[in-house]
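Student: Please read through the structure below; I'll follow up with questions.
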Amino acid sequence: MKVLVVGSGGREHTLVWKLAQSPQVEKIFCAPGNGGTAALVQNVPIQVTDYAALAQFAKDEEIDVTIVGPEDPLLGGIVDFFTLRNLPIYGPSANAAKLEGSKSFAKCLMKKYNIPTAEYESFLDYESAIAYVREKGAPIVIKADGLAQGKGVILAFSLEEAEEAIRQIMQDSKFGQAGSRVVIEEFMRGEELTLLSFIDGETVKPMIPSQDHKTVFDGDKGPNTGGMGAYAPVPQVKNSDIQHIIDKIVQPMASAMVKEGIPFRGVLYTGLMLTEDGPKVVEFNARFGDPETQVTLPLLETDLVDIVMATINGTLADLDIKWSKQSAVTVVMASPGYPGDYPKGAVISGLDVSVADSPEEDKQEMVFHAGTKQEAGHFVTNGGRVLAVTALGDSLQLAKEKAYQAVANISFTGAHYRRDIADKAFKKV
Ligand code: AMP
Ligand code: GLY
């Protein structure tokens, strides 16, 4: 088979790495890819939202399936575009991807189908939004409605911060169009958890639970990022809680989408908060998580191609998906300044041995590239999140030690990373 992966982050490098392990796959392309995918497969210089060029490429190269990583093309309708042209593609339609693209759409559906989530209101009008936070008080959560790369969420601990956030989103257009509507939510306390699921309409096949680290500094301090590290599984969360999440949240949402006439096919990302009142949804995304993928796919024992093709053929229910008993930890190394402005072009050293450039299944440490490119025989930084270093181990503790040992071998000017990835699991067990 020939496969095209769309995207250029650590998630896509992980997808490419996993697909390369499949005996069914002969050739993989990645559009546009990054330095790491270039070392492993063939990068194609087409941007993720250039649907016409991607479809033409898939047609010319007789691609058997295209797999979409990021949200932008999904929301923009790449799946609809390909499907109309009879080109096989894995991911939700634009209408189904609205679960991620519009927080108010997702919130309305959750309300309609009794899926537990934070209490909320959404506003198009600045004065009403301000009046609402004054009535509710702090702490309170302010969110830009549309896509904002994980950065459009402000946890306001005082009324002043809440009002300032609303002003920035609605009046100063800090997140552009994404902020023409704001969602204001109850502040939830508790452990966070990501549950990715393979979904084919009604059929839900949950993956191994994982936990992201959203803020930039240790101890969950500082501004939110795209994610600074992750681990899987999450031992402090009981199996009964996971089952409850599947029965009361993920399955009802999959069924709701079918009832609404917009069945979801692809990967559904459920971000949860385990509150005192039980698990509640923080957000849905319409795709694999980044960096959750970097710890989830290395633990997947079933051929990813089988899962993708079963979803496209509507036979996912018949597939038994197997997971490794090992644990995985990934640590993101970021450019100085990220999630704010950062320089590019710093030479990355220490990568020679550890690039995830071979699909060997027994490899215990992998470096998944995100913001890198190759220049004059070197890898250089080319983004905020530069690399994710994943290690596997028979325990989370071992996986963590191995991941940090591997991180210590890699350097670039100003590199920063969190030192406490997975520590929440050790505090509680
Ligand atoms: P989101 O983009 O909706 O996932 O939000 C980003 C992060 O903000 C989440 O991962 C949580 O850590 C935090 N967050 C979002 N909504 C809430 C909420 N209602 N209460 C507390 N924290 C939240
Ligand atoms: N790790 C957060 C996300 O993928 O949205």
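Student: Give the cross-link partners of LYS103 among the lysines, using a straight C-alpha distance below 23 Å as the criterion and excluding same-chain residues fewer than 8 apart.
Tutor: Qualifying lysines at Cα under 23 Å: LYS111, LYS112, LYS136, LYS143, LYS151, LYS174, LYS214, LYS248, LYS259, LYS280.
Student: Using Cα pairs closer than 8 Å and at least 6 residues apart in sequence, work out the relative contact order for the range 363-429, in percent.
Tutor: Details: 66 pairs, mean separation 17.0, N = 67.
The value is 25 percent.
Student: Sticking with this one: What's the exposure ranking of PHE157, PHE175, PHE187, going from fewest to most Cβ atoms within 10 Å? Could the numbers behind the result be given before it?
Tutor: Details: PHE157 12, PHE175 21, PHE187 16.
Least to most surrounded, the residues fall as PHE157, PHE187, PHE175.
Student: Further question: List the residues, sorted by chain then number, that are 5 or more residues from SER93 or on another chain and whose placed amide H is less than 5 Å from its amide H.
Tutor: HN-HN under 5 Å from SER93: ARG265.
Student: Another one. Can you list residues from other chains, or at least 5 along the same chain, whose modelled amide H is less than 5 Å from the amide H of ALA118?
Tutor: VAL281
Student: Sticking with this one: After finding the eigenvalues of the alpha carbon gyration tensor for the chain, what semi-axes result from the square roots of 5 times each, listed largest first in whole Å? It would help to have the intermediate numbers written out before the result.
Tutor: Working: eigenvalues 192, 131, 100 Å².
Semi-axis lengths for the chain are 31, 26, 22 Å.
Student: With a ≥ b ≥ c the root eigenvalues of the C-alpha gyration tensor of the range 193-318, is it rounded (a/c under 1.5), prolate (a/b larger than b/c) or oblate? Could you put the intermediate results ahead of the total?
Tutor: Details: a/c = 1.83, a/b = 1.45, b/c = 1.26.
Prolate, since a/c reaches 1.5 and a/b exceeds b/c.
Read-outs: derived from the displayed coordinates by stated rules, not from any lab. All of these numbers come straight from a predicted model, not from anything done at the bench. Heads up, the Cβs are rebuilt from the backbone with ideal geometry, glycines too, and the neighbour counts pull from every protein chain shown.
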